[in-house]
Amino acid sequence: MADIGTDILRAKEILQRGGLVAIPTETVYGLAANALDVTAVTRIFKAKNRPHFDPLIVHVSDADDVLTYAESLPPQARTLMNAFWPGPLTILLPKKSIIPDLVTSGLDRVGLRSPDQSLTQSLLKELTFPLAAPSANPFGYISPTKASHVNDQLGDRVDYILDGGECSVGVESTIIGFEPTPVVHRIGGLAVEQITKLIGDVQLRTSSGSNPHAPGQLDSHYAPRKPMFTGDIEKLLPQYSNQSVGVLSFQQAFTGAAIHQQIILSPSGNVDEAAQRLFSAMRELDQSSVEVILAEWVPDEGLGRAINDRLRRASF
Ligand code: TXA
Ligand code: MG
């Protein structure tokens, strides 16, 4: 198991010598290494069992660092950065050669993001390099939103876990590129409505199973090990009445003899709260004794769209 704490100088020292540190962000925990050090970045791929075709997001302290790593910044990208950084928005920009090809899986763009989490911000300000960091989970599994989630699965493969408590947003960042018109590649912690309010319509290109531009969009992703089905729980329940069922509901409680565990994401019906709790709830049900997980869709607006996207990818 890894050491867990809030020692930024220790995290810095480990990262400087090419080690791995799990870092808290407002979205999910990341598995970080020096983005400019190929040997260190290789360790990330190994620790996660992540295929090399899946590129890593590079975390910077603020917008001032962007042109050190990107060739250019389209005006709409600058507008979004000014409005939403630090925050749950990753922007794909043409990369400079200082960013190793390994980080971008050979693609000519780099995903940059400034995370809105105080410990990680302090750490980034201490460092002279940016941090490459995918979500700190084994490839394909549910992303971690607490230090203990990281420790449970990757504790023996990271040198230190920086503990920032529970992530405040709870789903991964929204990813946008400019081609040259804006394209959202992953619906995430910044609502698409917020983006369109500032820059107008955006194209959504988030569903392909083998899209080389956003491999994080692989159809089976964020998945628990138990079978999970999403739909109308009242209709699904009779089909699983002879199994031990775990229910993941949005707002209401369900009753049924087969239900052995139930988690209500937001009794008040707030999609932000539901997003914040989603991955923790999926993990809890996955680790419980239930045999099958039944979930329901949430309202498809704001962060509800990110929740439904994750539910769809986690489900059969
Ligand atoms: O919220 C987040 O984005 C979290 C925290 C730790 O920052 N990170 C995260 O990383 O979710 P990861 O690796 O689990 O998902 C990032 C996805 C990749 O799978 C890939 O689809 C996309 O971002 N991506 C990264 N760099 C890219 C690039 N250069 N071109 C296209 N897509 C890229
Ligand atoms: Mg991930």
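The values are calculated or read from the model by the stated rules, or taken from the named source; none is laboratory data. Since the model is a prediction, treat every value here as computed from it, not as a measurement. Every residue, glycine among them, receives a Cβ derived from its backbone with ideal geometry; neighbour counts consider all protein chains shown.
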Residue identified as hydrophobic (A, V, I, L, M, F, W, C), in a helix (DSSP H, G or I) and within 17 Å of S114 (Cα to Cα) among A47, A83: A83
Filter result for the condition that a residue is surrounded by fewer than 21 Cβ atoms within 10 Å (Cβ to Cβ), on the phi < 0 side of the Ramachandran plot and more than 10 Å from ligand 1 (Cβ to nearest atom), over L102, L124, L107: L102
All positions within segment 286-310 that are crowded, with 24+ Cβ neighbours inside 10 Å and assigned to a loop (DSSP other than H, G, I, E, B): V298, L303
Matching entry among R313, R283, R277 (being outside any loop (DSSP other than H, G, I, E, B) and modelled with pLDDT under 95): R313
Filter result (surrounded by fewer than 21 Cβ atoms within 10 Å (Cβ to Cβ) and within 13 Å of the chain's Cα centre (by Cα)) within segment 142-194: K146, S168
Matching option when the condition is modelled with pLDDT of 95 or more, within 16 Å of ligand 2 (Cβ to nearest atom) and in contact with a Leu (Cβ under 6 Å, 6 or more places away or on another chain), among A22, A11: A22
Meets criteria (surrounded by fewer than 20 Cβ atoms within 10 Å (Cβ to Cβ), in contact with a Phe, Trp or Tyr (Cβ under 7 Å, 6 or more places away or on another chain) and acidic (D, E)) for D37: no
Near pairs, Cβ below 9 angstrom, 6+ apart or cross-chain, from segment 40-55 (on the phi > 0 side of the Ramachandran plot) to any residue that is at pLDDT below 95 and not charged (D, E, K, R): N49/P138; N49/F139; N49/G140
Total residues in segment 15-34, condition part of a helix (DSSP H, G or I) and either buried (at least 18 other Cβ atoms within 10 Å of the Cβ) or within 12 Å of ligand 1 (Cβ to nearest atom) (or both): 1
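Results for (1) crowded, with 16+ Cβ neighbours inside 10 Å; (2) over 25 Å from Y141 (Cα atoms); (3) away from ligand 1 (no atom under 14 Å from the Cβ), shown as yes or no for each residue.
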position: K48; (1), (2), (3): yes, no, no
position: D62; (1), (2), (3): no, yes, yes
position: L67; (1), (2), (3): no, yes, yes
position: G87; (1), (2), (3): yes, no, no
position: L93; (1), (2), (3): yes, yes, no
Subset of segment 197-215 (residues that are touching a Pro at 6+ places or on another chain (Cβ under 9 Å) and either modelled with pLDDT of 95 or more or more than 16 Å from I57 (Cβ to Cβ) (or both)): I199, G200, D201, V202, Q203
Residue that is modelled with the lowest pLDDT [pool: residues in segment 216-241 that are within 13 Å of ligand 1 (Cβ to nearest atom) and in a helix (DSSP H, G or I)]: G216
Test: A11 is small (G, A, S), crowded, with 21+ Cβ neighbours inside 10 Å and more than 9 Å from ligand 1 (Cβ to nearest atom): yes
Qualifying residue in segment 76-85 (condition: within 16 Å of ligand 2 (Cβ to nearest atom) and either among the aromatic types (F, W, Y) or surrounded by 17 or more Cβ atoms within 10 Å (Cβ to Cβ) (or both)): no
Count of residues meeting criterion [of a type in the set (A, V, I, L, M, F, W, C) and either crowded, with 24+ Cβ neighbours inside 10 Å or on the phi > 0 side of the Ramachandran plot (or both)] in segment 128-141: 4
First in segment 133-145 and farther than 18 Å from L278 by Cα and near ligand 2 (Cβ under 9 Å from one of its atoms), second anywhere and at pLDDT 95 or above and among the hydrophobic types (A, V, I, L, M, F, W, C), Cβ under 8 Å, 6 or more apart: P134/L31; P134/I44; P134/L56; P134/I57
Members of segment 56-85 that are within 23 Å of the chain's Cα centre (by Cα) and without any contact (Cβ under 8 Å) to a residue 40 or more places away in the chain: R78, M81, N82, W85
Residue count for segment 242-251, restricted to those that are in contact with an Asp or Glu (Cβ under 7 Å, 6 or more places away or on another chain) and part of a strand (DSSP E or B): 1
Residue selected from segment 110-121 under the condition within 7 Å of ligand 1 (Cβ to nearest atom) and in a strand (DSSP E or B), by the criterion farthest from W85 (Cα to Cα): V110
